[in-house]
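The values are calculated or read from the model by the stated rules, or taken from the named source; none is laboratory data. A quick note: this is a predicted structure, and the numbers were derived from the prediction, not measured. Positions of Cβ are generated from backbone atoms using ideal geometry, with glycine treated the same way; all protein chains shown enter the neighbour counts.
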Amino acid sequence: MAQKSVWSDNRFWRRSATWVTGVASVLLIWLTFDTMGQISMGTDADLKNGVTKRVPAPTVINYKVDYVFDSRRGHEVPKIGPEKEKFFGKFWSEEEAAALLHKGKLASQAKNCMDCHTLLGNGAYFAPDLTKAWLDPAWQDGGTMQAMTGKNSKEEAMVAFLMNPDQYPTHERMMPNLGITHDEAVALVAFLKHMASIDTNGFPRNFGRMQGAVHGK
Amino acid sequence: MFEPFVDVNPSFFGWLNQGPLTLTIFLHTLVVLPMIFIYYQEKKRLENEK
């Protein structure tokens, strides 16, 4: 009788499959818990003490958020503070900021921003990527959006645009009027500012070096 | 092949993702080497059964 090959032996495949499935399960469960730590929100105290969290506390809306190239990591990273800046003319408490951000998230879901825009890698590329929209120079002081909306702060200009996007010729595919109320627009701007302060490992890639974006030339 | 760890939060999975081959080498060590071991064990068992 010819010698039985290991390759046609059921036991070899069964043991291999058991091993691979087991290793993959352990890795995926471990990865899940690791990710939960990575994406958990920081606290107000972290912001005050300069602790770097991937997702900062809602009170990040009280800080100046910049986007600077980190040569060690090879891409741009959000720089939060230490300068504070008023958001809609005031500093928000922890509770107020958390409530505002929650409302902004709900509004972004209710108005289905992701139908056209991309948020943190999810959504569509029919309209501009909103992950770092807060840092877009078009909205800064002296940028086109403040002149177009007749407002003199970034957040007020964003609110004016969000409430009547169909009035401003911004894009070939103009944003339709979604019936966003003033309160919803304020919350959405907070949501966008918080999102821009999230460390996304440089996503969207090369945003900071794009023509006209942040510090690009 | 191995690049310095530069991620914002230290993590084992972050370390695995630092270089192009780090994940590959890790998974091969964990998956393929034991399979080679299982192969020779089963081969020996079949030879003994004969």
(request) May I ask you to list the residues in the range A:26-38 that are surrounded by 12 or more Cβ atoms within 10 Å (Cβ to Cβ) and under 17 Å from the mean Cα position of the chain (by Cα)? (result) A:T35, A:Q38
(request) Answer with yes or no whether A:M163 is touching a strand residue (DSSP E or B) at 6+ places or on another chain (Cβ under 6 Å) and over 21 Å from A:P78 (Cβ atoms). (result) no
(message) Return the residues of the range A:71-116 that are of a type outside the set (A, V, I, L, M, F, W, C), within 18 Å of the chain's Cα centre (by Cα) and closer than 26 Å to A:N201 by Cβ; say none if nothing qualifies.
(response) A:H75, A:E76, A:P78, A:K79, A:G81, A:H102, A:G104, A:K105, A:S108, A:Q109, A:D115
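Table: residues versus (1) of a type in the set (G, A, S); (2) under 30 Å from A:K151 (Cα atoms).
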position: A:L31; (1), (2): no, no
position: A:Q38; (1), (2): no, no
position: A:G50; (1), (2): yes, no
position: A:Y63; (1), (2): no, yes
position: A:D70; (1), (2): no, no
position: A:G74; (1), (2): yes, no
position: A:E83; (1), (2): no, yes
position: A:F87; (1), (2): no, yes
(request) For A:D66, work out the one condition from (1) exposed (fewer than 15 other Cβ atoms within 10 Å of the Cβ); (2) outside any loop (DSSP other than H, G, I, E, B) it doesn't fulfil. (result) (1)
(message) Quick check on A:A45: is it of a type in the set (G, A, S), surrounded by fewer than 14 Cβ atoms within 10 Å (Cβ to Cβ) and not in a loop (DSSP other than H, G, I, E, B)?
(response) yes
(request) Being within 18 Å of A:K132 (Cβ to Cβ) and buried (at least 20 other Cβ atoms within 10 Å of the Cβ) is the filter; apply it to the range A:48-57 and report the residue that is farthest from the chain's Cα centre (by Cα). (result) A:K53
(request) Give me a count of the residues in the range A:179-208 that are among the hydroxyl-bearing types (S, T, Y) and surrounded by 19 or more Cβ atoms within 10 Å (Cβ to Cβ). (result) 2
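Listed here are the residues, each with its yes/no results for (1) closer than 30 Å to B:H28 by Cβ; (2) surrounded by 16 or more Cβ atoms within 10 Å (Cβ to Cβ); (3) modelled with pLDDT of 90 or more; (4) at the interface with chain B (Cβ under 10 Å from one of its Cβ atoms).
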site	(1), (2), (3), (4)
A:S16	yes, yes, yes, yes
A:R72	yes, no, no, yes
A:I80	no, yes, yes, no
A:K86	no, no, yes, no
A:E95	no, no, yes, no
A:L100	no, yes, yes, no
